[in-house]
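Read the figures in this text as sums done on the coordinates, not as results from a lab. Bear in mind that the values here come from a model prediction, so they are computed numbers and not experimental data. Here the Cβ positions follow ideal geometry from the backbone for every residue, glycine too, while neighbour counts run over all protein chains shown.
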Amino acid sequence: MLKASSRALVPFVSVDNMMRLVHHIGVETFIADLARNITEDFAKWDQFDKTPRVGSHSDVGVIELMPTSDGVLYGFKYVNGHPKNMGEGLQTVTAFGVLSDVYSGYPRLLTEMTLLTALRTAAMTAVATKHLAAPGASTMAMIGNGAQSEFQCLAVKAVCGISHVRLYDLDPAATAKCARNLEGLGLQVTQCTTPEEAIEGAQVITTATADKDMQTILTDNMVGAGVHINAIGGDCPGKTELHRDIVARSSIFVEYPPQTRIEGEIQQMPADHPVTELWQVITGQTQGRKSAAEVTLFDGVGFAIEDFSALRYVHDRIKDTPYYVDLDLIADPDDPRDLFGMLKRAR
């Protein structure tokens, strides 16, 4: 058997190695670093290829590809969203991703992204909260206590200084799970039995529910002045979490309008409903929160540049570590024109 050349090898980060890498760095440090990477990449927004994710929808879920490039590196993520999976003992969201060199087209990294997506989604929420929530916000209501919830809570703690989280889920077992996982991690945790109880005293409300349907997790009368909302559960056509009246009276901030108008809370609104792109706030081109009484809404559906930021971070952090293996992924014949000869000699 022919030995693979170094040019044929691509670093691969498995789920096990991703978990080891996260623990090596520290969960909160990892998320805070991702938030900085996302902020850096959003600040160079104009350099990126941008396109809505390419989705294949079915009655039970969606499978999507999320590509982008800054002209030097190219990245994409394969990701699914199947809410029915939880009832079958499966993950609602699974993913993997690739980072490649634009000059040669050769992959530089192949990695799991189920864990990494949870980490980068939390980091993106933290970036939005940092720029849009009222100064000094200390309490967040976490509505939806599934697989994403602990990451969200730790992200706003690490990046925004939140110290108290109030948890609610339709399933009390999910709330108990989230509270148990957050024990000893520096947050005051309150388990709540209604969404109204959860938002009591909260300056930040994050909704992360999984149903693929037009839901009303929050009604208009539940949201008071000065609150910042991260609505991150609505991420495909026909799936929302907020009553239309909340959306109508909020200042709305989005990642990429052509995608969010199809998938986010603003799919409930007219096509010309005003929104602000978050990158413009990050770069100082426009103002975020304008008053203490304003209700701000981050209509977060997830965008490919965030995955690019995460892939770039992992690629940089695994160097000189044991947290990856080399895969013989790229055919590399001695003569680039003699691919068949390479095959023949391998007998």
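What do you get for trypsin sites (Lys or Arg not before Pro) in the stretch 1-85 restricted to DSSP loop and a cutoff of at most 11 other Cβ within 10 Å of the site's Cβ? Sparse-neighbourhood loop trypsin sites (Lys or Arg not before Pro): LYS3. Along each principal axis, taking the top coordinate minus the bottom one, the Cα set of the stretch 227-347 gives 71, 33, 25 Å in descending order. In order along the stretch 78-88, phi translates into HN-Hα couplings of 9, 8, 10, x, 10, x, 5, 4, 4, x, 10 Hz, rounded to whole numbers, per the Karplus curve 6.51 cos²θ - 1.76 cosθ + 1.60 with θ = phi - 60° and x for Gly and Pro. Sort the stretch 30-165 into rounded, prolate or oblate with this rule: let a ≥ b ≥ c be the square roots of the eigenvalues of the Cα gyration tensor; rounded if a/c is under 1.5, and if a/c is not under 1.5, prolate when a/b is larger than b/c, oblate otherwise. The shape class here is oblate.
Entry note: the stretch 101-152 has Rg to Rh equal to 1.18, where both radii use alpha-carbon atoms and Rh is the Kirkwood radius. The alpha-carbon positions of the chain define a convex hull whose volume is 150 Å³ per residue. Max-minus-min Cα coordinates of the stretch 1-61 on each principal axis give 45, 35, 33 Å, with the largest extent listed first. For the stretch 123-302, the mean projected area of the C-alpha convex hull, equal to one quarter of the hull surface, is 9.1 nm². Put the Cα centre of the stretch 138-203 next to the Cα centre of the stretch 9-65 and the gap is 23 Å. Put simply, the amide H of VAL301, placed in the peptide plane, has neighbours under 5 Å in GLU255, leaving out anything fewer than 5 places away on its chain.
Computed over the stretch 157-255, the P(r) tail beyond 18 angstrom holds 50 percent of alpha carbon pairs. Qualifying trypsin sites (Lys or Arg not before Pro) in the stretch 300-337, where qualification requires a DSSP coil assignment and no more than 10 other C-beta atoms within 10 Å, comprise LYS319, ARG337.
Helical content of the chain, expressed as a calculated mean residue ellipticity at 222 nm, amounts to -10000 deg cm²/dmol (DSSP H runs of 4 or more residues, -39,500 (n - 2.57) each, divided by residue number, nearest 500).
Electrostatic tally near SER69: other residues with Cβ closer than 11 Å to its Cβ, Lys and Arg +1, Asp and Glu -1, net -2. Peptides 102-110, 63-71 ordered by packing proxy, namely the average of other Cβ atoms within 10 Å per residue, highest first: 63-71, 102-110.
Comparing THR125, THR240, THR283 in a Gaussian network model of the chain (Cα springs below 10 Å), the most mobile by mean-square fluctuation is THR283.
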